[in-house]
Amino acid sequence: MEKENLLMIPGPVPMPERVRYAMLRQAINHRGAEFGAVYADIVRVLRLYFGTTNDLFVLSGSGTAAMEAAIGNFGAGRKIVSLVNGKFGERLGKIGQRYGTVQVLNSEWGTPLDLAGLEKALAGGAELVTFVHNETSTGIRNPAAEIAKMAKKAGALVIMDGITSIGGDEVKVDNWGVDVAFMGSQKCFAAPAGLSAISVSKKAWDMLSERRPYYLDLAAYRKSASSTPMETPYTPAVALFLALREALLIAEAEGVEARIARHRKMADAVRAAVGAWGLPMFPKTDALHAYSNTATAVSVPAGVAEKELRTAVKGLGIEIAGGQDHLKGKIFRIGHMGAVGAPEILAALAATEYGLGKAGWTVKASGVAAAAGKLA
């Protein structure tokens, strides 16, 4: 029997059988009514989780494709300010440098964003603001509503990376005033990797750049989506669309509030385990910045071999994540997003508790018991 590891990383995540089976059927015409109905279902449910009535499109490309679509369609030749406190905020800044003039406001990874710097940049004429709502590289949730409010007051366009928050945490694109937001299929909705979705406000359309990417030209997506049946401008990853629709129908049946509450409960359980182990959380939070609802980042104490920890956990058939770039060896991360619940969380924590011992850390108390108390 082929072994399937349990992925408890910040995406991709385990997929329900319904989602996997959806990809096994025969190909369908991507210019026909059946595909149009699939696309329409996807958009209908995603609008609930984005919290928007704005135009919304699905791209055959991962979350990074949506990042480039957002900046490439609206940032060309403009003054962009990029808020960075982790890997993916940094990526948005790098993409911005391909298209416009970027002022990067760097904070130490895992620390609060430089909102005072943002205020100055906006006063200096910044036209577009980019930020990550939920930075899984460091396990911190950034204050989307406050950032959007500051940007809107100055008349700047707001681009939000919601790749690991949409479907797993509260997102209110319209209420917050976010102009462009996007998500990735393999994260909170537990679908296969390879698709992303992006919403676009009326104000964003009014600021559409003349020079835009060809494949990611959102004007072309808008034209195709308005046809009957709905289409994409270029050949889509049909099997992935079918799988994403199943994942979203599952999410629709669960309900937005219930799904967010489940993710919050899992996050609370993992953090209870971390506290019982006597380990420090990595992110530094404040009144506006909070711990992530979908991934927990934990600092590795001196003398503990992080690689040995993850190797021991993987030996038990479960995968957790390490740190990225300069955080390699300094943190480990446990994902708690998608279709997982108490059985998966408790299994991952039991394996991690064992791995900590192998890596040189003596836990103060049972993290599994602490987590179970939150999940019961």
Which residue, of ASP179, ASP217, is within 27 Å of ASN142 (Cβ to Cβ) and at pLDDT 95 or above? ASP179
Collect the residues in the range 85-112 that are without any contact (Cβ under 8 Å) to a residue 24 or more places away in the chain and of a type in the set (A, V, I, L, M), keeping them in residue-number order. VAL102, VAL104
If only one of ALA239, ALA276, ALA219 is hydrophobic (A, V, I, L, M, F, W, C), farther than 18 Å from GLY162 by Cα and surrounded by 18 or more Cβ atoms within 10 Å (Cβ to Cβ), which one is it? ALA276
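Yes/no matrix, rows are residues, columns are (1) within 17 Å of the chain's Cα centre (by Cα); (2) in a helix (DSSP H, G or I); (3) at pLDDT 95 or above; (4) not basic (Lys, Arg):
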residue: ILE28; (1), (2), (3), (4): no, no, yes, yes
residue: ALA37; (1), (2), (3), (4): no, yes, yes, yes
residue: ARG47; (1), (2), (3), (4): yes, yes, yes, no
residue: THR64; (1), (2), (3), (4): yes, yes, yes, yes
residue: MET67; (1), (2), (3), (4): yes, yes, yes, yes
residue: GLY72; (1), (2), (3), (4): no, yes, yes, yes
Residue under question is ALA151, and the condition is that it be modelled with pLDDT of 95 or more, under 26 Å from GLN324 (Cβ atoms) and crowded, with 24+ Cβ neighbours inside 10 Å; does it hold? no
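For (1) in contact (Cβ under 8 Å) with a residue 12 or more places away in the chain; (2) of a type in the set (Phe, Trp, Tyr); (3) over 19 Å from VAL104 (Cα atoms), each residue gets a yes or a no:
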position: LEU24; (1), (2), (3): no, no, yes
position: HIS30; (1), (2), (3): yes, no, yes
position: MET67; (1), (2), (3): yes, no, no
position: GLY72; (1), (2), (3): yes, no, no
position: GLY77; (1), (2), (3): yes, no, no
Output yes when any residue across the range 321-330 is under 21 Å from PRO14 (Cβ atoms) and not aliphatic (A, V, I, L, M), and no when none is. yes
Answer yes if at least one residue in the range 266-279 is closer than 24 Å to ALA370 by Cβ and free of Cβ contacts under 8 Å to residues at least 40 places away in the same chain, and no otherwise. yes
Within the range 282-299, count every residue that is in contact (Cβ under 8 Å) with a residue 12 or more places away in the chain and out of contact with any strand residue (DSSP E or B) (no Cβ under 9 Å at 6 or more places or on another chain). 2
Before we move on, is GLU135 charged (D, E, K, R), under 25 Å from LYS328 (Cβ atoms) and surrounded by 24 or more Cβ atoms within 10 Å (Cβ to Cβ)? yes
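The values are calculated or read from the model by the stated rules, or taken from the named source; none is laboratory data. This is a predicted model, so every value here is computed, not measured. Here Cβ is always computed from backbone atoms with ideal geometry, including for glycine, and neighbour counts include all displayed protein chains.
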